[in-house]
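**Q** Have a look at the structure that comes next, please.
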Amino acid sequence: REARMILTGLYDSPFARRVALALHIHGIPFERAVLSVFGDFEAVMRANPLGRAPALQLDDGRVISDSRAIIEWIEDPAAGFGGPRLAPEGAHARFAMLEAEGLAIGLADKAVARSAENRRPAQLQDREQILRLEKQLASGLDWLERWADRRSTSGEPDRADLAAVCAATYLAHKWPGAYDADARPALEHYRAGWEARAPFAQAPFPVD
């Protein structure tokens, strides 16, 4: 059997999902190790020394962890993959992409931290930390609302689109009260528009 890459992680992770999207965009075949950081921690630890998702095992057995590092490797011309580039040309356009990508990745990180806090027993939850996270989520979503109002869902997505859609969809399903689609119509229109298209439909967020 031809060796294939193996992506560890669930698609309800905004980090594992955006790696899957990048792989689909570049037409790179891969298999999945459908493992939960919480339910399959020891197995995830064997794939990623930090016990985090994602991890991408290459077809030669080497492993890359961290979604940014994986996508950088996929995009590196030396890796030899085809497909449309996810980073725009030109210093100004690239900076704008990196600004939005970084914000969206940070928003996803805070959203996952809010979910982790919620898994703790009620008496052990840090109320001050929860309030801080919720303030960060609201501020990040407000930024994305203004950004999404200037974006299109036609053409090909870039890295900022992958990060923003994955973060927004995670929040829409996991924390709909914080996301509030009615209060952020531009972001919801943008998110739903991309979710209806490939590659997002090829790596759907698990709604159950």
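**Q** Is any helix in the chain, taking whole DSSP H runs, at least 30 angstrom long along its axis by alpha carbon and on average at least -1.0 on the Kyte-Doolittle scale, and which ones?
**A** Numbers: long enough: 91-119 (42 Å, 0.04); 127-148 (31 Å, -0.65).
Span-like helices in the chain: 91-119, 127-148.
**Q** Highest mean first, how do 40-47, 139-146, 12-19 rank when packing is the count of other Cβ atoms within 10 Å averaged over residues? Spell out each step's value before the answer.
**A** Numbers: 40-47: 15.4, 139-146: 17.4, 12-19: 25.8.
Listed from highest to lowest mean packing, they are 12-19, 139-146, 40-47.
**Q** First select every other residue whose beta carbon is under 11 angstrom from the beta carbon of Asp180; then total the charges, Lys and Arg +1, Asp and Glu -1. Display every interim value, and only then the final one.
**A** Numbers: positive: Arg184; negative: Asp142, Glu145, Asp182, Glu188.
For residues surrounding Asp180, the net value is -3.
**Q** Would you work out what percent of the accessible area of region 127-208, with all protein chains in place, is carbon or sulfur (probe 1.4 Å)? Mind dumping the intermediate values first?
**A** On the way: 1980 of 4160 Å².
It is 48 percent, rounded to a whole number.
**Q** Counting each DSSP H run of 4 or more residues in the chain as -39500 (n - 2.57), what helix-only mean residue ellipticity at 222 nm follows after dividing by all residues, to the nearest 500 deg cm²/dmol?
**A** Values: 8 runs with 110 residues, N = 208.
Counting only the DSSP helices, I get -17000 deg cm²/dmol.
**Q** Just the number please: accessible area per residue for region 31-140, 1.4 Å probe, all protein chains included, in Å². Please list the in-between numbers first.
**A** Values: 6550 Å² over 110 residues.
Here the per-residue accessible area is 60 Å².
**Q** Below 8 Å between Cα atoms, with a sequence gap of 6+, how large is the relative contact order for the chain in percent? Before the final figure, lay out the partial values.
**A** On the way: 270 pairs, mean separation 48.3, N = 208.
So the answer I get is 23 percent.
**Q** In 10 Å bins starting at zero, report the fraction of Cα pairs in the chain per bin as a rounded %.
**A** 8, 34, 36, 18, 3, 0
The values are calculated or read from the model by the stated rules, or taken from the named source; none is laboratory data. Everything numeric here is computed off the predicted structure, so don't read it as measured data. Neighbour counts run over all protein chains shown; Cβ positions are idealised from the backbone, glycine included. Ligands, DNA and RNA are stripped out before the accessible areas are found, and what is left, the full protein with its side chains, is counted by its heavy atoms. Shrake-Rupley method; radii C 1.70, N 1.55, O 1.52, S 1.80 Å.
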